[in-house]
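Quick notes on the structure that follows.
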Amino acid sequence: MTFPVIEIENFSFAIGAKQILRDVSLRVDSGEYWSIVGPNGAGKTTLLKCLVRIHTGGAGRIRLKGKVLGGYSQKELARLVGYVPQASGRLFPFTVREFVMMGRYPHLSPFSSVSREDEKTVQHALEVTGTAEFAERRLGTLSGGECQKVFLAAALAQGAGILLLDEPTAFLDYKHQAEILRLLRRLNKESGVTVVAVTHDINCAVLFSDRILAIKEGAVAFSGTPREIMEEEVLGRIYDASFHFMHDAETGASIVAPQGISL
């Protein structure tokens, strides 16, 4: 039986005089994989940041697991939601294991030491993400794809059942993109982790998601299934562009490329 873990009702958010989000509504059920798509500057990242209170305020209502967002302490929120921001290129002077252990902070009191349970949880996160083999290396020695998996491991070490990801495959080559997407799908399908991922890749959104939200100019332009978004009129309305439609040979799903690109 599914139940909502994220409920957003008529949520609007502004920074100064600039309106970023306008009357956004969304319901994400437990165990679903949602992709958030849309043009640059549409408000996709801002929405994720509002969900983890990097941005505060706004009008409307946000609930997590039935409780108003403002009713959680920051530690309580971190036990529920793991957030992986877009890669910035900024690295930290820690080993992989040290960095992933920092994901346990919601479960530690100010003066407590790391427990065996914390160590087991971190080791499991390292193994699940395929990062255990370089756990003693410093972050600065890793490739972009390896770093992205480490950030995922740290989010998993939080013990959160909801993962929010901002462009998790940005700047990665095809091999590492595929590794990250397979990892997210495995966490979602096998471990029941709820995934909400911002992406600019509509084809990945269609192939990996249960449902898709499209935001344009801060407002919801589409909310529905991958099959429903793959219509010329729908995509044209979202992106103000025309598309070539093709079929993925493995899944049979429709995929697209912008018109004007030679095929």
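Here, each number is a calculation from the coordinates, and none is a lab measurement. Remember, predicted model here, so these are calculated numbers, not experimental data. Cβ atoms come from the backbone with ideal geometry, glycine included; neighbour counts cover every protein chain shown.
Odds and ends about this structure:
- Among the GluC sites (Glu not before Pro) found in segment 200-261, those both in a DSSP coil and sparsely packed, with 16 or fewer other Cβ atoms within 10 Å of their Cβ, are Glu217, Glu231, Glu250.
- 16 Å cut-off, amide nitrogen to a point 7 angstrom out along Lys67 Cα→Cβ, residues in segment 4-43: 4-7
- Among beta bridges identified by DSSP and lying wholly in the chain, the antiparallel ones come to about 60 percent.
- Reachable lysines from Lys67, criterion Cα separation under 22 angstrom, eight or more residues apart if same chain: Lys49, Lys75
- Computed log₁₀ I(q)/I(0) - Debye formula, equal Cα scatterers, no solvent, segment 1-41, q 0.20, 0.29, 0.31 Å⁻¹: -0.76, -1.04, -1.07
- Estimated from helical segments only, the mean residue ellipticity of the chain at 222 nm is -9500 deg cm²/dmol, where each DSSP H run of four or more residues counts as -39500 (n - 2.57).
- Candidate lysines - alpha carbon under 19 Å from Lys149, same-chain residues fewer than 8 apart omitted: Lys120, Lys175, Lys189
- Cα-based convex hull, segment 1-138, per residue volume (Å³, whole number): 168
- Two-site label geometry, Ser12 and Phe245: point separation in nm, points 7 Å out along Cα→Cβ: 3.5
- On the principal axes of its alpha carbon atoms, the chain extends 57, 42, 40 Å, with the longest extent given first.
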